[in-house]
Amino acid sequence: MKHMKVGGLMTGNVVSATPGTSFKEVAKLLAEHDITGVPVVDEDDHVLGVVSESDLLTAREPTARALMTEPAVTVHAEQSVADAARLMVRRGVERLPVVDEEERLVGIVTRRDLLCVYLRPDAEIRHRVREDVLSDVMGLPADAVDVHVLDGVVTLAGRLRWQSQARLLVNLTERVDGVVAVVDRTSAQEDGIRFTPAARTAHDAFE
């Protein structure tokens, strides 16, 4: 299935600091740009660490090198939004510097950026469920079941041949970008196949 990538949400023009940037200069950067943290980069734009508001509030070190949290938790532009969300929650960070193949800074993504995925229009979500899940992945007609979407909540109704198909449909629908929840109103005959749900999606990471 197609998933929204970090590169599509990141801010490309990143406000950053160098190891020698002073405490006051870092504080000024945060205030002037209305941001809550800055990556610290070397002369080749490799990310060394991150200085956040909390770092400034709990220390009075003279430079960004002493203030920063290191090593930096970073993400690549081609990674999925769901992966980035899980990484944020697992590492307890509010922002992720985005780096290229050589670990050089190319952007930054925040929790607020990732939450924008849930502004995806209902019509687009419905199309993705019908085309990506039912047709492309499961090999079923796009209209095999009725797909109704309201405020990101997907209701699936209709009859499939096997219960394993129904369980797979629900699991895959939960993984579509922008889906908040899935209501399963499908029916099917039992086929004896046990299906283990895969990892949950980005919205679960924020719960």
Roughly how big is the chain's charge dipole about its Cα centre, with Cβ charges of +1 (Lys, Arg) and -1 (Asp, Glu), in debye to the nearest 20?
740 debye
Using 0.36 nm times the number of residues separating Ser22 and Asp100, minus their current alpha carbon distance, what extension gain do you get?
25.4 nm
Residues in region 149-163 reached by a label modelled at Gln189 [backbone nitrogen below 13 Å; 7 Å Cα→Cβ]:
160-163
Rounded to whole angstroms and listed largest first, the alpha-carbon spread of the chain along its three principal axes comes to 68, 28, 27
Using +1 at the C-beta of Lys and Arg and -1 at the C-beta of Asp and Glu, which of Pro121, Val51, Ala85 has the Cα lying farthest in the positive direction of the dipole of the chain?
Pro121
Work out the length of the dipole vector of region 120-198 about its Cα centre, built from +1 on the beta-carbon of each Lys and Arg and -1 on the beta-carbon of each Asp and Glu, and round it to the nearest 20 debye.
200 debye
Towards the positive end of the charge dipole of the chain, with charges on Cβ (+1 Lys, Arg; -1 Asp, Glu), say which of Ser187, Leu140, Gly152 has the farthest Cα.
Ser187
Taking 7 Å along the Cα-to-C-beta vector as the label spot, tell me the Val15-His33 distance in nanometres, rounded to one decimal.
0.6 nm
Roughly what percent of Cα-Cα pairs across region 120-198 reach past 21 Å?
18 percent
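Every number here is computed from the coordinates shown, using simple stated rules; none is lab data. Predicted model only: the values in this text are computed from it and were never measured. All Cβ positions, glycine included, derive from the backbone under ideal geometry; neighbour counts span all protein chains shown.
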